[in-house]
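The values are calculated or read from the model by the stated rules, or taken from the named source; none is laboratory data. The shown structure was predicted, so the numbers you read here are calculated from the model rather than taken from an experiment. Every residue, glycine as well, gets a Cβ built from its backbone with ideal geometry; the counts of neighbours run over all protein chains shown. Note: areas computed on protein heavy atoms with side chains; ligands, DNA, RNA excluded. Shrake-Rupley method; radii C 1.70, N 1.55, O 1.52, S 1.80 Å.
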Amino acid sequence: MGTSGEAFLRDFHALRPAVTSEVMAAGRDADGRSSYELVRDEVAGAERVLDLGCGDGHLLDLLAATGRDPKHLAGVDLSTASLAAAARRPALAHAALTAARCQQLPFPDRSFDACVSHLALMLMDDPEQVVAEVSRVLAPGGRLVCAVGGGPAGGEAWEVFHRLLDRALGPDRRLPPLGDRRTRDPEGLAAVLRSAGLHPADSRQVRIDLSGPVEKVWTALAGTYDTALLSADELAVLQADFHLALPLDPAASVTCAFRVDITTARSAA
């Protein structure tokens, strides 16, 4: 059974099915890779890969571009709109794209060499059940690689945006609970993974730089879930206030960075 948080996510992504990749695909770490590319590289050599919360299929597209047979790629997501966007990617024409909850994966035991999750596991309820399902569908020695959002990592744009957003929302409008807070903390996530017999092998924090012209940064920040609580008029006012609070030159770059925690775990051999 779904939750109010899941209903919110379905409604949000029905309107913006590709919002996560629109925001995060342009961000870069110190080596010039996006957070999607960092996850992709952690499953090099794994042929059969399942993307948990695949969204519009950006990560699956990157995996297909490495030469994997698309028939060995699969993705599940709550949003049928996001899955429809994924299905329109030519490289994913033969991938298995399914509307499903990760708490009940529609795949046989030991179906995959790796599972990946980009900014999605942290939004899922009952993470013990999710990782139990991951453990079930992974082949012995298979990998789970998940990128979890760690919040802002500095920059004037974040500070200005959240100050203005808090003022626009006031004290009473808040999102429904999204996911389990333990998964947003590396130690909490490690404990959840161990509950299903998955063995955390590595966890690292990465700074993803989203800096750029004011309008580009606004587009990224306006993709956050909290903005869905604003009316169109309120969002327009927030946008105007954001531009007024930052450099007047529309080509000037403003700093904005996001922290991502990337954790790798393995199933028993």
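For residue 254, nonlocal amide neighbours, meaning residues 5 or more places apart or on other chains whose placed amide H falls under 5 Å from its own, are 212, 214. Built from the Cα atoms of the stretch 114-269, the convex hull projects on average onto 9.9 nm², one quarter of its surface area.
Taking amide hydrogens as placed 1.01 Å from N in the peptide plane, the amide H of residue 185 sits under 5 Å from that of no residue at least 5 positions away in sequence or on another chain. Note on the stretch 56-156: Rg/Rh from Cα positions, Kirkwood definition for Rh, rounded to two decimals, is 0.98. When the charge dipole of the chain is built from unit charges on Cβ atoms (+1 for Lys and Arg, -1 for Asp and Glu) and taken about the Cα centre, the candidate among 228, 122, 103 whose Cα reaches farthest toward its positive end is 103. Assuming charge only on the beta carbon of Lys and Arg (+1) and of Asp and Glu (-1), the dipole of the stretch 186-269 about its Cα centre is about 580 debye to the nearest 20.
Computed from point charges on the beta carbon alone (+1 for Lys and Arg, -1 for Asp and Glu), the dipole magnitude for the chain about its Cα centre is near 560 Debye.
Using alpha-carbon positions, what is the distance between the centroids of the stretch 1-45 and the stretch 176-233, in Å? After rounding, the separation between the Cα centres reads 9 Å.
Considering only 178, 250, 213, whose Cα is most displaced toward the positive end of the charge dipole of the stretch 169-269, charges sitting on Cβ of Lys, Arg (+1) and Asp, Glu (-1)? Final value for the positive-end residue is 178. Highest mean first, the peptides 112-124, 165-177, 199-211 sorted by other C-beta atoms within 10 Å per residue fall in the order 112-124, 199-211, 165-177. Working from Cα pairs under 8 Å separated by at least six residues, relative contact order for the chain is 22 percent. Rounded to the nearest 20 debye, the dipole size of the stretch 7-108 about its Cα centre is 300 debye, using +1 on the Cβ of Lys and Arg and -1 on the Cβ of Asp and Glu. For the peptides 223-234, 87-98, 147-158, the ranking by mean Cβ contacts within 10 Å, running from highest to lowest, is 147-158, 87-98, 223-234.
In terms of Cα atoms, the Rg and Dmax of the stretch 140-228 work out to 16.7, 50 Å. Karplus-derived 3J(HN,Hα) values for the stretch 23-28, using 6.51 cos²θ - 1.76 cosθ + 1.60 with θ = phi - 60°, are 7, 8, 5, 8, x, 9 Hz; glycine and proline are entered as x.
Just the number, please: Stokes-Einstein D of the chain in µm²/s, Kirkwood Rh from C-alpha pairs, 20 °C, 1.002 mPa s. In µm²/s, the coefficient rounds to 112. Accessible area per residue for the stretch 19-155, computed on protein heavy atoms with a 1.4 Å probe, is 35 Å².
With the Kirkwood sum run over all distinct C-alpha pairs, the stretch 14-63 has a hydrodynamic radius of 11.7 Å.
Annotation: amide H of residue 48 within the under-5 Å range of 113, 114, sequence separation 5 or more or interchain, hydrogens built in the peptide plane.
If both residues of a DSSP beta bridge must be in the chain, then about 55% of such bridges are antiparallel.
Comparing 83, 5, 139 along the charge dipole axis of the chain, the residue lying farthest to the positive side is 139, per the Cβ-charge model.
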